[in-house]
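The structure under discussion appears below in the form of C-alpha cells.
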Amino acid sequence: MKRPLVPFLAALACAAVLIGALVTSGNDPGTPRGYHRSKDGTLLIDVEHRPAAPDFTGFDVDGRPLRLSDYAGKTIVVNAWASWCESCRKETPVMVSFHQRMKEQDVVVLGLNRDGSPGAARGFAEKFQMPYPSILDPRGKQLLTLPKGLLTTQGLPVTLIVDERGRIASTASEALGAGRLDELVGAARAGYPAAR
C-alpha cells in the first residue's frame, strides 16, 4: 500500500526536532550510552543502542492468546494501563484515535492491562471503544522483563515504542498527548524507514 509522503515527512521533521531537543537536554551520569532522557522523563534510544523488546505474551480480555510478536514488522505502541488509573482514562482516547489513524501505515497499539479481573478490563475497553487488544497482566510481570534503565516509575500509564525490527526505541512513564505520541513514533520510524 502506498503511504502518503506528506504525513511521513511531517513525522520525520517532528522526530528530528525531538531528537535534537533530547540530545541537547543532556544525560544524567550513569545513563547508558545512546539513551537520552528528556526533562519530562521520556527516554529516546539511538538506533544502534536499542535493546530487543521482550515478546510480551498472555491472553486478551476474551481469553484469546496474544503476543507482541504477532505484530512483527510493524511499529508497535505498547501501552500499559488499568481501569482504576485516572491518567489512563485521560490518555486512552489519544491511543484509540492514534490507532485508528495509523493502522493503515503499519503502526499499531497493543495494551498491557493491569486490572485484577478480565471483566474490569473488558468494561473499560468497551466504554472507551478500544479497537486494539490488550494482554492481561494483573501483577505487572510483563514490564519486569524490560532491560534496566528504561522506565522511571512503576506507576501507570507507561508507553513503549517498539520499532519495526522489534527494538525498543523510546519509553514514556506518563500520559502522552497526541503530539508527543506522534513525535516518539516518528523518531522510532526514522531509524528504520520501511522498505516499500
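The values are calculated or read from the model by the stated rules, or taken from the named source; none is laboratory data. The structure presented is a predicted model; accordingly, all values stated were derived computationally and were not measured. Note that each Cβ is placed from the backbone with ideal geometry, even for glycine, and that neighbours are counted across all protein chains shown. Note: accessible area is taken over every heavy atom of the protein model, side chains too, but ligands, DNA and RNA are not part of it. Shrake-Rupley method; radii C 1.70, N 1.55, O 1.52, S 1.80 Å.
If you scan segment 72-89, which residues turn out to be within 23 Å of residue 115 (Cα to Cα) and out of contact with any Pro (no Cβ under 9 Å at 6 or more places or on another chain)? Correct list: 76, 77, 78, 83, 84, 86, 89.
State all residues of segment 41-70 that are basic (Lys, Arg) and either assigned to a strand (DSSP E or B) or open to solvent by less than 60 Å² (accessible area, probe 1.4 Å) (or both); if no residue qualifies, say none. Those that are basic (Lys, Arg) and either assigned to a strand (DSSP E or B) or open to solvent by less than 60 Å² (accessible area, probe 1.4 Å) (or both): 50, 67. Each residue in segment 47-66 was checked for being under 16 Å from the mean Cα position of the chain (by Cα) and without any contact (Cβ under 8 Å) to a residue 60 or more places away in the chain, and 1 pass. Collect the residues in segment 83-98 that are farther than 26 Å from residue 139 by Cα and either under 13 Å from the mean Cα position of the chain (by Cα) or not in a helix (DSSP H, G or I) (or both), keeping them in residue-number order. 98, the sole residue that qualifies.
Can you confirm whether residue 137 is touching a Leu at 6+ places or on another chain (Cβ under 8 Å) and of a type in the set (Asp, Glu)? Criteria met by residue 137. Of all residues in segment 110-141, exactly one satisfies the criterion of being among the polar types (S, T, N, Q) and modelled with pLDDT under 95, namely 117.
Would you say residue 40 is in contact with a helix residue (DSSP H, G or I) (Cβ under 9 Å, 6 or more places away or on another chain), among the charged types (D, E, K, R), under 24 Å from residue 105 (Cβ atoms) and at pLDDT 55 or above? No; evaluated as a whole, the condition is false for this residue.
Condition check ((1) among the acidic types (Asp, Glu); (2) touching a residue at least 24 places away in the same chain (Cβ under 8 Å)) across all residues:
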| site | (1), (2) |
| --- | --- |
| 34 | no, no |
| 44 | no, yes |
| 69 | no, yes |
| 72 | no, yes |
| 80 | no, yes |
| 84 | no, yes |
| 97 | no, yes |
| 106 | yes, yes |
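Inside segment 120-132, residues that are more than 27 Å from residue 166 (Cα to Cα), out of contact with any helix residue (DSSP H, G or I) (no Cβ under 9 Å at 6 or more places or on another chain) and touching a residue at least 12 places away in the same chain (Cβ under 8 Å) make up a count of 3. Picking from residues in segment 82-103 that are touching a strand residue (DSSP E or B) at 6+ places or on another chain (Cβ under 6 Å) and not aliphatic (A, V, I, L, M), the one that is nearest to residue 169 (Cα to Cα) is 99.
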